[in-house]
Amino acid sequence: MWNRAKFIFAIVTIGLCLSANPSLAQQAASQVSKAEHAHSKAQGPWWKQAVIYEIYPRSFQDSNGDGVGDINGITSRLDYLRDLGIDAIWISPMYPSPLVDFGYDISDYTAIDPLYGTLADFDRMVREAKKRNIRVIMDFVPNHTSDQHPWFAESRSSRTVPKRDWYIWRDGKGPGQPPNNWQSWFGHSAWKFDPTTNQYYYHHFYTEQPDLNWRNPQVRKAMYDAMRFWLDRGVAGFRIDAVSRLFEDPDLHDDPILPGKNAYGDPNM
Ligand SMILES: [Ca+2]
C-alpha cells in the first residue's frame, strides 16, 4: 500500500515539475511532436496522422477589445497551440459574410471580413504559424454563396445574364408550386420564388444561401481560383463544407415521402 502511494506521489511530482517548468514541458512536447512528424512522414500524407485543432474565430481570442475574436488573437495564442503538440489549425469561415449562417454564407471568397482583421493580419498569422510548424487549414464553403454575393446579384437580375446558370433556377410546377418537393435542411421547401424573373432558385440551407450550379464549368473554375488564392498565401489545405450537397439530380425527381412529420412540421422524406 505504501509503495503504491509513493509511486503515485512520484508521478504527481514529475507532472508538477513538467507543468511548473514551461521549458521542460515545451521540450517534451517538441520531442513528442518531432517523433510524430517523423512517424507521419513514414505513413504518407501529413493530414492522415495530424492532430488538427479547430478554431472558431469569433470566440477564440479577441485582440482589440471589441468583444469579437480575431486573427491577431489567434496569432497571439500560437505558442499555446504549439505547446499542445498540434500539427494544424482549421479555422471556421472568416470571409466577408452577412452572418445569416455565422460565416457559412460567404459574399466574397478572396477576402477577410473586417470583423476578423485584414489580409495582412492573415499573412502574418500563416507566417508565425509556419515558424512553429503549425499548418493553417481554411474552411471552404463551395455548395452555396450568400444571396448578397455579386454573382447571385447578377444571376437573379435577368434570365439572360451570363451568370444566370451559375445557380439553380427552375420554373415552378404551377402558380405557387415549387419545381419539386425537396426540403431545406432548415425546414420547408428548398425552393424560393424570385418575382424579378418569375422563377424559383434552389437553396439546400437558408433562403439566403442559394446553391451554386457545380455542373457549370465557370463555377468550378471560379471556386478553384478562390482556393488557389489561399494556397498561394500559404494555407496547407481546406476543410470542405457540405460536400455531399454539391450536385442535385438534374431531373429533379421528387423525394419519396415517409410516414410522420419532422421537427419543422414537414412530411418526413
Ligand atoms: Ca448543391
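Summary of values
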quantity: Contacts under 7 angstrom Cβ, first residue in the range 81-93 being on the phi > 0 side of the Ramachandran plot, partner part of a loop (DSSP other than H, G, I, E, B), 6 or more apart; calculated: Gly85/Val51
quantity: Residue within the range 94-101 that is out of contact with any Phe, Trp or Tyr (no Cβ under 8 Å at 6 or more places or on another chain) and surrounded by fewer than 20 Cβ atoms within 10 Å (Cβ to Cβ) present; calculated: yes
quantity: Complete set of residues in the range 100-120 that are more than 13 Å from the chain's Cα centre (by Cα) and either hydroxyl-bearing (Ser, Thr, Tyr) or assigned to a loop (DSSP other than H, G, I, E, B) (or both); calculated: Val100, Ser107, Asp108, Thr110, Ala111, Ile112, Asp113, Pro114, Leu115, Tyr116, Gly117, Thr118
quantity: Candidate set: the range 189-216, residues that are assigned to a strand (DSSP E or B) and within 12 Å of the ligand (Cβ to nearest atom); chosen: the one farthest from Arg245 (Cα to Cα); calculated: Tyr201
quantity: Pro179 vs. criteria within 16 Å of the ligand (Cβ to nearest atom) and in a loop (DSSP other than H, G, I, E, B); calculated: yes
quantity: Residue among Asp254, Asp249 that alone is in a loop (DSSP other than H, G, I, E, B) and surrounded by fewer than 11 Cβ atoms within 10 Å (Cβ to Cβ); calculated: Asp249
quantity: Given (1) away from the ligand (no atom under 16 Å from the Cβ); (2) surrounded by fewer than 18 Cβ atoms within 10 Å (Cβ to Cβ), number of the condition Val235 does not satisfy; calculated: (2)
quantity: Criterion (in contact with a Gly (Cβ under 9 Å, 6 or more places away or on another chain) and modelled with pLDDT of 95 or more) met by exactly one of Ser97, Ser107; calculated: Ser97
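The values are calculated or read from the model by the stated rules, or taken from the named source; none is laboratory data. Please read all numbers here as calculations on a predicted model, not as lab measurements. Using ideal geometry, Cβ is built from the backbone for each residue, glycine included, and neighbour counts are taken over all protein chains shown.
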